[in-house]
1. May I ask you to list the residues in the stretch 9-54 that are open to solvent by 50 Å² or more (accessible area, probe 1.4 Å) and either closer than 21 Å to Leu151 by Cα or aromatic (Phe, Trp, Tyr) (or both)?
2. Look at Leu102 and say whether it is in a helix (DSSP H, G or I), within 20 Å of Leu20 (Cβ to Cβ), of a type in the set (A, V, I, L, M) and open to solvent by 40 Å² or more (accessible area, probe 1.4 Å).
3. Can you tell me which condition Leu81 does not meet? The list is (1) of a type outside the set (Asp, Glu); (2) part of a helix (DSSP H, G or I); (3) open to solvent by 20 Å² or more (accessible area, probe 1.4 Å), and all the others hold.
4. May I ask you to say which residue of Ala127, Ala119 is over 14 Å from the mean Cα position of the chain (by Cα) and crowded, with 18+ Cβ neighbours inside 10 Å?
5. Within the stretch 44-57, can one find any residue that is more than 25 Å from Ile15 (Cβ to Cβ) and outside any helix (DSSP H, G or I)?
6. Does the stretch 43-67 hold any residues that are over 15 Å from Ile29 (Cα atoms) and in contact (Cβ under 8 Å) with a residue 40 or more places away in the chain, and which are they?
Amino acid sequence: MQRPTSATVFGVLNIVFGALGSFAMIFTIITFMVPLSSTNNPVLEIMRNSPGYAIWMKLAIPLGFLAAGVSIAAGVGLLKLKSWGRALSIGYAIYSIVACLLGTVLNYIFIMQPLMERASQKSGPEAAALIGGAIGGTFGSCFGMIYPVLLLIFMLRPNVVAAFRPPAEPAGMDSN
């Protein structure tokens with residue numbers, strides 16, 4: 001059977017996105033370590049002052065590192081046409097979709113609503129910037145769903161499923 005192009009493409013993308021995810025988690029940790037007084041960022045202020053968001057981040061960051069590692073391993077497995085690479089890719093895609101949906105809801109509750117409340121108390125460019133940040137954050141969450149949905153769709157396509165099946169034994173061969 002010919003190697004599906006999607007196995008190679010998604011293998012490489014899993015590795016790239018896994019590496020980028022690791023860097024994103026490191027950047028997130030660094031962002032929360034920067035003293036609040038050195039920035040005039042209302043989003044960062046809201047994030048740091050929300051106990052619920054702090055709990056979410058304490059869970060999301062380690063899970064993000066784990067997901068990035070799984071993505072890299074799955075990418076290697078896809079490039080080697082190993083069935084575990086496809087299985088990990090499917091698991092990663094499902095986790096990513098669920099995490100993205102949950103993250104979107106929690107970001108709306110802990111960040112977007114407070115940003116919109118602040119925007120209603122401001123006027124002019126400052127209000128527009130707060131509203132733009134809220135809208136941008138929402139669209140960013142939706143954009144983050146594209147890759148895992150595509151990954152899941154392609155990993156379930158018949159030609160990909162067939163490529164990752166173990167080869168059948170020739171007829172008439174006795175396994176004894």
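The values are calculated or read from the model by the stated rules, or taken from the named source; none is laboratory data. Since this is a predicted model, take the numbers as computed values, not measurements. Neighbour counts are summed over all protein chains in view; Cβ atoms, including those assigned to glycine, are modelled from backbone coordinates with ideal geometry. SASA here: full protein model, heavy atoms, side chains in, ligands and nucleic acids out. Shrake-Rupley method; radii C 1.70, N 1.55, O 1.52, S 1.80 Å.
1. Listed by number, the residues that qualify are Val9, Val12, Leu13, Ile15, Val16, Phe17, Leu20, Phe23, Phe27, Phe32.
2. When the stated conditions are applied, Leu102 does not pass them.
3. Unmet condition: (2).
4. Ala119
5. yes
6. Correct list: Val43, Ile46, Ser50, Gly52, Ala67.
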